[in-house]
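None of the figures in this text is laboratory data; all of them are computed from the coordinates on show. What you see is a predicted model; the values in this text were computed from it and never measured. Every residue, glycine as well, gets a Cβ built from its backbone with ideal geometry; the counts of neighbours run over all protein chains shown.
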Amino acid sequence: MEHKKQTFSLEKAWRYFFITYEVVWNLFLIFFILILCLICFAVGLGAGYFASLVKDMPIPSYKEMKRDIYDYEETSHIYFANNVYLGNFRSDLEREEVKLQDVSPYVIKAITATEDEYFYEHRGVVPKAIIRALFQEATNSPLQTGGSTLTQQLVKNQILTNEVSFERKAKEILLALRLEKFFSKNEILEAYLNVVPFGRNASGRNIAGIQAAAQGVFGVDAKDLNLAQAAFLAGLPQSPFVYTPFTSDGNVKKDLSPALHRMKTVLNRMKQAGYISEKQYQEALQYDVAKHFAPPKPSPFEKYPWLTMEIEKRAKEVLAEVLAKKDGYTKEQLLQNASLHERYVAKAEKQLRQNGYNIYTTIDKTIYDRMQKVVADYRYYGDDKIQYVKDKETGKMVAKREPVEVGAILIENSTGKIISFVGGRDYKREQLNHATQAYRSNGSTMKPLLVYAPAMEMGIVQPGSVIPDMPLRVNGYTPKNADGKTHGLVSARRALQYSYNIPAIRTYMKIMNQHPVEYLHKMGITSVAKTEENHIALAIGGTSTGVTVEENVNAYVTFANYGTFVDAYLIEKIVSNDGQVIYEHQSDPVPVFSPQTSYLMIDMMRDVIRGGTASSLRSYLKFQADWAGKTGTSENQQDSWFVATNPNVTFGVWMGYDTPAPLQSTYRGLSYSKRTQLLWAQLMNSAYDVNPQLIAPNNRFNMPGGIVRRAYCTVSGLTPSNACQKAGLVSYDLYNTKFTPKQGKEQYLIEGRFVEVNGKRYAALDTTPSEFVSSGVILNREVLKRWGMNRSSASEWNGMLFVNELKENGKIPAPPAIHLANGTTITWQPHSEHDVIGYRVYRTGQGGAPPQVAAVVKAGKTLSFAKLQPGATYYVTAVDISGKESAPSNTVAAPLPGAANQAKEKTQTPEKQKD
């Protein structure tokens, strides 16, 4: 019985167990199915939501994805001439592309171990990482590790944005999967290493890409990074500006512990991944990273401010033309439409800052550096000026100190290359480029460009043409020469040699109606408007806007190129990082003058240096060359110029104050003109030291055909007449065969009667005694009156030709006082009355014979008579121009032989002598 009870209890227990099991199992199945359904629902819901997020996203092709991932901003580079590296083009971000094979293996291991440990295993995404990130997002828990692979980060940086949203994340996942389908792991890694930001470099500039980071932080290439350096850099992308060791001004941060701790984390992960050994780990930890930071490197802008700004400006302009041309616009359309021009310049600037171009210039680095040093060391600028300007905030007048500024430019004639320039003395004080952007009056350097060369081209003048340098007044304007004098009839050559203003203006007045400003425009001087050509002061640089140093010097290149203008340029070419030539300069020569006109102009400007206004130059130069040049000074001495050319190069210098003010006439013993010439010479000497073959060619300007040497009369410019030859006024000069001296009726020279007093000639009167009158060639006063010339000096006419009017005073001259000198010579002083033209020396007669004229002495500074007869008595009378004769002077007796010591002067009064 007991046994049965026990058996029954056991069966009951098993039955309850099985029932419980069944219930639990069924409940488990129910819950499992329910959970599975929920999971499937969630997955389906998530998939549907994912699909809704990306349903409108266009699926990019392989080409589009390739373009996008490699379309990263890359720093452009600038080069001096001959491929000498200058530096980076200014940009907000420095980046330099590098191939994966040129990156240290330590960098690759450090990046993958830190940023994506499953990089070589996943297909673009890591599901558990995404789930973990979603969970952290849903629970709002601190983010411990990121959910993005390197592929996803590349997509985010290059294809999408940094927007935080599920839509952006969904697109990122989809694109990462597609990216992995098209590109290899190495291609993805290379692109990532070229785009990822690394904070700042040792100069405080933003950097991206491993090459820029390696150079900017440690001063080495990416391939040369050691383990510690690679780990340090690999830790920066997680938070570039937290971990970067440099501040925005390039200083090393005081606290580097965050970056060093991050570096330790990177090394630890590399060790855990098996990339490095324990020994390597420990050695890397002991490496003093801060000790190996790169020193700050001045940017090209900091070292070459004027140059880099000029390069940027010109590079944008030429690239804008290229881009506009691709879109069907001409250069003229671009320049005439301001908004169109602005749009393409902005587009060009963006490309230059982002596309990694190589910009090659014409600037010779060594010559440029030497010139900047000469300008910095020059001691003869003159004193600073105090200018009073209105303060923008207070409106009060405040004192502002301004130094004498300088602008200069050196151009190669045949090509138009700008070899070097000087933008100013201190960029921090004044950013204006005085060589390319400052517009100032070019003074007398305008004369060859606007007056003499155009006039010779038109056949109006030639070097031997005679131009009156006589007082001139036109519509209330009275031009003056720099020396304040007039110089009579001068040749065009002499007028240029000594920079006389009046002859230049007279010549310009003859060609004004033939639009000479068009010649300036052909030579690139567009700042002078055509409407200005009616202002005669334009002939001597009186412009409303002015010209730049570059424009002025570039125009003079035309003469060196025998009449062909070659526009100056600085950008040689722009090349993409794959070697494609985006832009290359092509010259477009413009014919302006004939070779004959150009050579004659060169030859005239040679005389400026040989003995004219630039005669000091030769003593300043350390070398010789066939130089031809022109000085220039604007009104009130506010601008001082010197421009000169030889067969190879043309160089010009300007000096003046930014706020126009007169330069000091003399400073440290030098006039302002000589100070300019001395600076010009020192700059050329420095260039000669670098490249003597360029600066001092052995060859000279060759005379072209069509030029002859001809005689001309220096007072008419015509073929010498007999009168001209008789007067000794024949000279010779070079002429274009088309415009040689003409034969014509001599109007300037006539046969005339005159008297000479103290070296000057005066017109004889009808009553003037014939013994005092000379006959010969003189200037026709009637012709001279037409030029407004009423007076002159003997020196201006070589003591000849010109006859003045000598008015007699209406009185009988007073008798002179004579005395016997040394017993052999009668002497007396010049008469005090200005109309006395000479003297008669009388010898008294013997035995009641009347006195006889022993000699006639013309008025002069030294008056004497020495041909005395022994024992004879003499007296002298003064004669004026009208023929009136004074009373006799006192008498003197010539001693008898052997009785010289007993000679006595008779001091009888003239009245008693007469009796």
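Taking a straight line from the alpha carbon of Lys347, these lysines sit under 19 Å away, with near neighbours fewer than eight places off in the same chain left out: Lys313, Lys316, Lys325, Lys326, Lys331, Lys573. Taking only the C-alpha atoms of the chain, Rg followed by Dmax gives 47.8, 220 Å.
In the chain, taking the dipole from charged Cβ atoms about the Cα centre, the farthest positive-side position among Pro660, Pro258, Ile707 is held by Ile707. Per-residue packing, averaged as other Cβ atoms within 10 Å, sorts the ranges 388-396, 494-502, 97-105 into the order 494-502, 97-105, 388-396, beginning with the highest. Dipole magnitude for the range 490-629: about 840 debye, using +1 per Lys or Arg Cβ and -1 per Asp or Glu Cβ, origin at the Cα centre. Taking amide H positions as modeled 1.01 Å from N, with prolines and chain starts lacking one, the residues under 5 Å from Asn804 and 5 or more places away or on another chain are Arg761, Tyr762, Ala763. Remark on the range 806-856: hydrodynamic radius 13.1 angstrom, per the Kirkwood mean of 1/r across alpha carbon pairs. Of the peptides 527-539, 693-705, 633-645, 715-727, the ranking by mean beta-carbon count within 10 Å, highest at the top, reads 633-645, 715-727, 527-539, 693-705.
Label positions at Arg700 and Ala872, each projected 7 Å from the Cα along the C-beta direction, are separated by 6.0 nm.
Sorting the segments 828-837, 330-339, 277-286 by their residues' average number of neighbouring beta-carbon atoms within 10 angstrom, most packed first, yields 828-837, 277-286, 330-339. Rounded, prolate or oblate for the range 680-762? Axes are the square roots of the Cα gyration tensor eigenvalues, ordered a ≥ b ≥ c, and the cut-off for rounded is a/c under 1.5. Oblate, because a/c is 1.5 or more while a/b does not exceed b/c.
Rounded to the nearest 20, the size of the Cβ-charge dipole of the chain about its Cα centre is 1560 debye, with Lys and Arg at +1 and Asp and Glu at -1.
For the range 313-326, the Karplus equation 6.51 cos²θ - 1.76 cosθ + 1.60, evaluated at θ = phi - 60°, returns couplings of 4, 6, 5, 5, 5, 5, 6, 4, 5, 5, 5, 5, 5, 4 Hz by residue, with Gly and Pro reported as x.
Applying 1/(1 + (r/R0)^6) with r as the Cβ-Cβ distance of Ala814 and Asn758 and R0 = 25 angstrom yields a FRET efficiency of 0.85. Which residue, chosen from Leu570, Tyr287, Gly871, occupies the Cα position most advanced towards the positive end of the dipole of the chain, where the dipole is computed from +1 (Lys, Arg) and -1 (Asp, Glu) charges on Cβ about the Cα centre? The one lying farthest along the dipole's positive direction is Gly871. Would you work out which of Gln215, Gln693, Val155 lies farthest towards the positive end of the dipole of the chain? Charges go on Cβ: Lys and Arg +1, Asp and Glu -1. In the chain, that residue is Gln693. Calculated mean residue ellipticity at 222 nm for the chain: -11000 deg cm²/dmol, from DSSP H runs with n ≥ 4 weighted as -39500 (n - 2.57), summed, divided by the residue count and rounded to 500. If R0 is 35 Å, what FRET efficiency do you get for Ser544 and Asn83 from their C-beta distance, rounded to 0.05? After rounding to 0.05, the efficiency reads 0.20.
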